[in-house]
Structures are given as structure tokens and as C-alpha cells.
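In what follows, a single structure is set out as C-alpha cells and then discussed.
The values are calculated or read from the model by the stated rules, or taken from the named source; none is laboratory data. Everything quoted here is computed from the prediction, not taken from an experiment. Neighbour counts are summed over all protein chains in view; Cβ atoms, including those assigned to glycine, are modelled from backbone coordinates with ideal geometry. Side chains included, ligands, DNA and RNA excluded: accessible areas come from the protein's heavy atoms. Shrake-Rupley method; radii C 1.70, N 1.55, O 1.52, S 1.80 Å.
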Amino acid sequence: MKMSKMFVQTLRETPADAEVVSHQLLIRAGYIRMLTSGIYSYLPLMFRVFKKVENIVRDEMDKSGAQELLMPILQPKEVWEESGRWEAYGKELMRLKDRHDREMALGPTHEEIITLLAKNQISSYKQLPINLYQVQSKFRDERRPRFGLLRGREFIMKDAYSFDVDEEGLDKAYNVMAQAYEKIFIRCGLDTKMVRSDSGAIGGDVSHEYMVLTETDCGENDVVFCVECDYAGNTNRAESILPKCKTDGEFKESNIVDTPNVKSIEELTKFFNIEPSAICKSLVYIVDKKIVVALIRGDLTIEETKLKNFIDGNEIRIATDEEIKELMEKSNLTAEAGFIGPKGIKAQVIADESVKGLKNFVVGVNQNDKHLAGANWGVDLDLPKSVADIRLAQRDELCIKCNAKLDITRGIEVGNIFKLGTKYSAKMNAKFTDEKGGEKPYIMGCYGIGISRTAAAAIEKYHDKDGIKWPMSIAPYHVIVVPVNVQDEQQWAVANELYDQLKQQNIEAVLDDREYRAGVKFKDADLIGFPVRITVGKTIKEGDVEVKVRMSGEQIKISKDEAVKHVVNIINSELEKS
Ligand code: ATP
Ligand code: MG
């Protein structure tokens with residue numbers, strides 16, 4: 001490919017609306033152009049990267065025994081009603097009508113469609129197990145499509161679905177996918193951590209996410225991980241050992257005490273001269289329009305997704321003062337936030353495990369400017385029936401597996417695997433006949449990889465102030481040959497010679513044949529991120545060219561006759577790793 005012919009326009013300025021590095025560089029280096037919010041054209045350089053990622057994904061999926069197919073993007077409402085997700089999915093599901101006024105959706109994921117396919121095609125256990133996958137554009141009307149390809153509204157995903165006769169089969173299919181995923185990300189040049197996760201809208205019990213850990217502030221996930229063992233989890237799922245501290249007050253007896261305007265944990269600790277850990281904190285949430293009161297020890301924090309999942313909710317937020325007022329009126333009580341407590345409140349109350357151990361503690365009693373001090377469970381008030389882990393695990397708390405310290409970092413989720421069980425097959429009545437002639441719903445799993453997000457994650461991981469540093473296996477091209485001065489006959493001739501030789505050796509090469517200053521061409525080469533640059537400049541008079549490796553910055557002078565062999569070696573040894 002000649003640079004003068006390439007459909008690429010680099011920009012010197014960082015686009016104002018691009019917050020994260022990968023978004024900035026993809027625009028500046030001419031990989032993508034936005035059509036409208038969260039929707040991009042993938043230009044030739046980008047498309048080459050996607051194809052590389054996809055080929056690695058396809059290769060490993062095929063090797064694992066999965067079969068590729070392609071399902072429709074436009075899907076009728078009826079199928080989504082069968083699974084109950086037409087209602088449950090919310091605004092992310094892009095809904096539209098066809099010319100006959102029939103309601104449709106753009107596929108955000110394909111559990112419904114694949115389950116329907118299986119239902120009509122798989123009737124016997126003899127046809128199982130099977131794993132089917134596709135690579136396709138997905139559409140989700142994301143609330144905040146602001147990080148370029150990391151969170152688009154239209155994006156490319158590989159999604160696979162396994163069907164098994166029993167749980168044992170599912171476990172096996174799940175492990176095969178876990179192994180394939182590990183290979184896929186290594187081959188893409190990405191170090192990932194497999195972490196336990198929240199199953200979110202897809203549902204099911206066991207699920208893991210594959211996280212690229214980054215220092216850049218681009219991940220929307222925090223990952224808790226053990227500094228000693230392999231324990232790791234998304235914060236919305238991760239557990240830790242309950243921090244030990246003083247959890248009992250020193251009140252002589254239980255008493256309702258006047259606490260005018262004393263609302264926050266900090267104010268209460270000062271007022272009563274106690275530790276935050278001797279207070280039972282009560283928080284009011286709205287989960288799918290219903291009021292839920294959550295209790296936790298005063299020194300700890302609620303993890304909202306854990307709470308939401310415990311009660312099988314879809315959306316959660318903290319209640320407004322108005323909503324709290326309304327609740328209190330319904331309960332014939334009067335109290336503002338800060339004075340709320342579990343006793344006598346007409347709402348679902350969920351207690352975190354941490355409150356069980358409280359003794360002689362302080363708690364709100366649903367009266368303004370008052371608190372109960374010296375409270376004990378079973379004496380002054382009852383421990384709620386629902387007790388669960390709804391606590392946020394924090395840095396420096398201890399690992400539940402090995403007791404070592406936990407740390408937290410930012411992560412980008414590039415893929416995930418879910419055990420769905422019969423969540424979809426049971427609802428959609430998708431069954432097979434087992435060995436004994438009985439009818440059973442398929443036991444399913446689903447497995448996603450964000451192709452476009454993986455490419456963006458690689459940039460978050462590998463870049464510098466000058467541009468992208470692609471891992472060799474997913475770079476759009478392997479090498480760029482830059483004649484410093486295209487008017488110089490010798491430089492021009494040698495550059496063309498090297499370029500031809502590289503192509504003959506199946507190396508993906510670009511020749512920068514543009515009549516620009518060398519500095520401009522070097523800047524573009526670094527920005528676009530060619531893994532290797534061969535520069536043909538003045539030293540060609542002595543027969544030498546320069547070879548620069550983008551990832552390491554390593555730069556050597558080498559005879560033009562040795563250059564191709566040297567570069568082919570660098571490229572192949574990198575590619576062999578993948
Ligand atoms: P997230 O929590 O980031 O929204 P998700 O749990 O909704 O992700 P899945 O539905 O499991 O993701 O999709 C599988 C994969 O598709 C994800 O691991 C991610 O790599 C990718 N993906 C999901 N949403 C987007 C998006 N809006 N833009 C780009 N890639 C995405
Ligand atoms: Mg999502």
C-alpha cells in the first residue's frame with residue numbers, strides 16, 4: 001500500500017469531545033469517524049485491525065469446536081416477549097416499527113434468536129452438545145456513549161451460545177470457552193484478568209469477565225484483586241473478609257436520645273463519642289419504583305449492584321428527600337434521611353452481613369432529631385429477615401481466599417462468559433428429548449467478546465504521547481518504509497526495493513511515497529502506530545538504513561542488504577508469540 005493512496009487523514013489537534021486516549025488517537029490517526037453519537041464509520045486502517053482481532057477470535061472458536069453462523073440484526077418484538085425481555089431490557093434496546101407498524105428491535109445480543117433456532121432444530125440429546133457463534137454488529141442505545149469504541153451504540157461483538165443436556169455438560173463448555181478466551185487475548189497481545197462478575201441483565205448464576213487492567217482512567221469498572229493469590233472480582237461482585245473493629249457502644253441502657261440535626265455518621269460519632277462501626281446506618285433506595293431500606297455498619301459502604309441483584313431488581317438509585325417523605329407518610333412516621341431506621345417502616349429491609357455483629361449500637365428510629373442508643377437485636381428491635389452481602393469490598397481489606405491484602409485497579413471488560421442454565425430455554429419452551437424419552441429445556445451458556453472494544457483497549461494499554469503502539473498481531477500493517485526525501489533518486493530507489501522485497505515475503509508493508517517533510521511522515525508513522533519503521537535517508541550513501549521498533553523504541557542502523565531479513569525476523573518472532 002502506498003501512503004499517498006491510503007484513505008487516511010491524520011489530525012494534529014486532539015478532538016475536543018474525545019475524553020479517553022483510545023478515542024482521541026483513533027480519531028487523530030484516521031481510524032474512525034463519528035456519524036452521530038456512539039456511531040462510527042470504521043475506516044480502512046480500523047477495519048484491518050478488526051479483521052485481525054476477528055481472525056484470532058474465529059481461529060480459537062473454531063478450534064474449540066464451535067460453529068460460526070450469522071443471525072439477523074432486526075428482530076421482531078414477539079421473540080423478545082417470549083423471554084420477557086421486551087419489558088425488562090429498558091431503554092438500551094433500540095426499538096422501531098416497520099412499514100406494517102410491527103414493532104421490532106435492533107439486536108443488542110442474541111439469546112432469544114439462538115434459543116428460537118435451537119428450539120426448531122434440536123429435538124434430541126443426540127444433537128447435543130453444540131456451541132454456535134457469530135461476529136456481528138450489535139446495537140445498544142447506551143445512556144452514555146462517550147468513550148469512542150469502548151462504549152459505542154453500534155459496535156462489533158463475537159457472541160457464542162452453548163447448548164448442553166445437563167449442568168455437567170455446561171461446566172465443560174464453560175471451561176472450554178474460558179481456555180479459548182485466555183488464548184484469544186494473549187494472541188491479541190493483551191494481558192487479561194478473569195474476574196467473577198455480576199450477571200446484570202443477561203442473568204444466570206456464574207459469570208466471569210475478562211478485564212484488561214489499565215492505568216489510564218478509561219475503564220468503567222473497578223476490579224478488586226488479591227495481591228497474593230488469583231482472587232479477583234468486579235467491585236459489584238467481589239467479597240472481602242468483614243473488617244474487624246470495635247462494634248459495640250458503651251451505653252448503660254437503651255434509650256431514645258435527642259439528636260437535633262445530628263444526621264451523618266460523622267456527626268453521630270462526635271455526638272455520642274463512639275466509633276462509626278458502632279452505628280447501624282440506614283439508607284433508602286428506589287429499586288424499580290419500589291422503596292427498599294438497606295442497613296449496613298456505619299464504617300462501611302453499600303454496593304448498589306449487589307443490593308439490586310439480591311432483590312432481583314433492574315434499576316437502583318438512592319431515594320430523594322421527597323420520596324423519603326412520602327414513604328414516611330405512608331408508614332405514619334415522620335423522619336428525614338439521617339433519622340431513618342428499620343423499626344416499623346413499611347418497606348422491604350435488607351441488612352448487610354456486617355450489622356449482625358452490632359451490639360449496644362446507635363440506630364435511627366424514624367423520628368426527626370432522635371436516635372436509639374444502646375440498641376440490641378432481639379431486644380430493642382429485630383434483625384431483618386433478609387441478611388446478605390451488600391457491602392463494597394475496599395482496598396486493603398483481606399482476601400476471602402488467602403487472607404492477604406486486596407487492591408483495586410481500573411479495568412476494561414473485553415469479554416465475558418455466563419452460565420445461563422435454563423433462563424431462556426425454560427421461558428421459551430425450548431426443549432429436547434433426553435435418553436429416557438423425557439423432555440428437558442437445554443442448559444445454556446453465552447460467551448461474548450467485544451471486537452471493537454478489544455481494539456480500543458489495546459490502545460489504552462499501548463500508546464505514548466506520539467500515538468499508538470499496536471501489538472504486532474493486531475496492527476493494521478506490520479511495517480512502513482519511509483524515504484526521507486522522495487526527490488533523492490537513491491533513497492527513492494532503495495525504499496521501493498525494500499518495500500517490494502517485504503511484500504514478496506508476505507509482510508504487510510506501506511511505502512510513504514508522499515512529498516512531505518520527513519518530520520511530518522515520522523509523526524504520522526508514530527501516530528498510526530506501525531510496529532516497525534524503516535527509514536531510508538542520507539546514510540544510504542554508506543549503504544545503511546535505519547530500523548525502528550515502535551513498541552520498545554529500539555532503533556538501529558543496518559545495511560540495506562540486511563534490513564529486510566532483520567525486519568522479517570522481528571515481525572515473525574512477534575507473530576509467533578500469537
Ligand atoms: P458493559 O458492562 O461494559 O456494558 P456488558 O456486560 O453489557 O458490558 P455484554 O452484554 O456481556 O456486555 O457484551 C459482551 C461484550 O461486548 C462485552 O464484554 C464488551 O467487550 C462488549 N460490549 C458491550 N457493550 C459494548 C458497547 N457499548 N460498546 C462496545 N463494546 C461493548
Ligand atoms: Mg452493558
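Is the shape of region 275-369 best called rounded, prolate or oblate, per the rule: a/c under 1.5 gives rounded, else a/b larger than b/c gives prolate, else oblate, with a ≥ b ≥ c the square roots of the Cα gyration tensor eigenvalues?
Since a/c reaches 1.5 but b/c is at least a/b, the shape of region 275-369 is classed as oblate.
By how many degrees, 0 to 90 and rounded to 10, does the Cα axis of helix 451-461 deviate from the longest principal axis of the chain?
Orientation of helix 451-461: about 90 degrees from the principal axis.
For each pair in K91/K440; K52/K523; K138/K281; K138/K306; K51/K172, compute the distance between the two Cα atoms and list the pairs where it is over 31 Å.
Table pairs above 31 Å Cα-Cα are K91/K440; K138/K281.
Taking +1 at the Cβ of each Lys and Arg and -1 at the Cβ of each Asp and Glu, which of V484, T454, M444 sits farthest along the dipole of region 418-533 towards its positive end, judged by Cα position relative to the Cα centre?
Comparing the listed Cα positions along the dipole, M444 ranks first.
Could you quote the convex hull projected area for region 6-47, Cα atoms only and averaged over all directions, in nm²?
2.9 nm²
Put +1 on the Cβ of every Lys and Arg and -1 on every Asp and Glu Cβ in the chain; which of L106, N332, P342 then has its Cα farthest towards the positive end of the dipole?
Working it through, the farthest residue towards the positive pole turns out to be L106.
I'd like the Kirkwood hydrodynamic radius of region 1-101, using the inverse of the mean 1/r over distinct C-alpha pairs, in Å.
17.7 Å
Would you mind getting the accessible area per residue of the chain, heavy atoms of the protein chains only, 1.4 Å probe, in Å²?
47 Å²
Give me the mean projected area, in nm² to one decimal, of the convex hull enclosing the Cα positions of the chain.
33.3 nm²
Quick check on the chain: helices-only [θ] at 222 nm, where DSSP H runs of length 4 and up contribute -39,500 (n - 2.57) each and the sum goes over total residues. Nearest 500, please.
Dividing the helical sum by the residues of the chain leaves -8500 deg cm²/dmol.
When the distances between all Cα atoms of region 477-577 are binned every 5 Å from zero, what whole-number percent does each bin get?
Cα pair-distance distribution for region 477-577, in percent: 2, 14, 28, 27, 20, 7, 2, 0.
If you find the alpha carbon centre of region 348-396 and of region 287-326, how far apart are they in angstrom?
Computed from Cα coordinates, the inter-centre distance equals 15 Å.
I need the shape label for region 485-530. Rule: rounded when a/c is under 1.5, else prolate if a/b > b/c, else oblate, with a, b, c from the alpha carbon gyration tensor.
Verdict is oblate for region 485-530.
Can you give me the angle between helix 560-577 and the longest principal axis of the chain, using Cα atoms only, in degrees from 0 to 90, rounded to the nearest 10?
Once rounded, the angle reads 30 degrees.
Taking 0.36 nm per intervening residue step and subtracting the Cα-Cα distance, what contour gain separates N120 from E81 on full extension?
12.3 nm
On a 0 to 90 degree scale, rounded to 10, what angle separates helix 489-504 from the longest Cα axis of the chain?
Tilt relative to the chain: about 60 degrees.
So, with +1 on the Cβ of K and R and -1 on the Cβ of D and E, and no other charges, what is the size of the charge dipole of region 223-305 about its Cα centre, to the nearest 20 debye?
240 debye
Report, to the nearest whole %, how much of the accessible area of the chain belongs to carbon and sulfur atoms, 1.4 Å probe, protein only.
Carbon and sulfur: 47 percent of the exposed surface of the chain.
Starting from the Cα gyration tensor of region 50-164, take the square roots of the eigenvalues, sort them a ≥ b ≥ c, and report rounded, prolate or oblate (rounded when a/c is under 1.5, otherwise prolate if a/b is larger than b/c, else oblate).
Oblate is the answer for region 50-164, as a/c is 1.5 or above yet b/c matches or exceeds a/b.
Over the heavy atoms of R95, what accessible area does a 1.4 Å probe trace out, to the nearest 10 Å²?
For R95, the solvent-accessible surface is approximately 90 Å².
So which cysteines in the chain don't have a second cysteine's C-beta under 4.7 Å from them?
C188, C218, C245, C280, C446, each lacking another Cys Cβ under 4.7 Å.
Could you point to the residue in V284, T535, Q136 farthest towards the positive end of the chain's charge dipole, with +1 and -1 charges on the Cβ of Lys/Arg and Asp/Glu respectively?
Ranked along the dipole, the leading option is T535.
Quick one: putting +1 on the C-beta of Lys and Arg, -1 on the C-beta of Asp and Glu, what dipole do you get for the chain around its Cα centre, in Debye to the nearest 20?
Dipole of the chain, to the nearest 20 debye: 840 debye.
Label points 7 Å out from Cα along the Cβ direction at D561 and T216: separation in nm?
If labels sit at D561 and T216, their model points lie 4.4 nm apart.
Too long at a 24 Å Cα-Cα cut-off: which of K405/K469; K158/K465; K63/K577; K263/K330?
Distance filter (> 24 Å) returns K405/K469; K158/K465.
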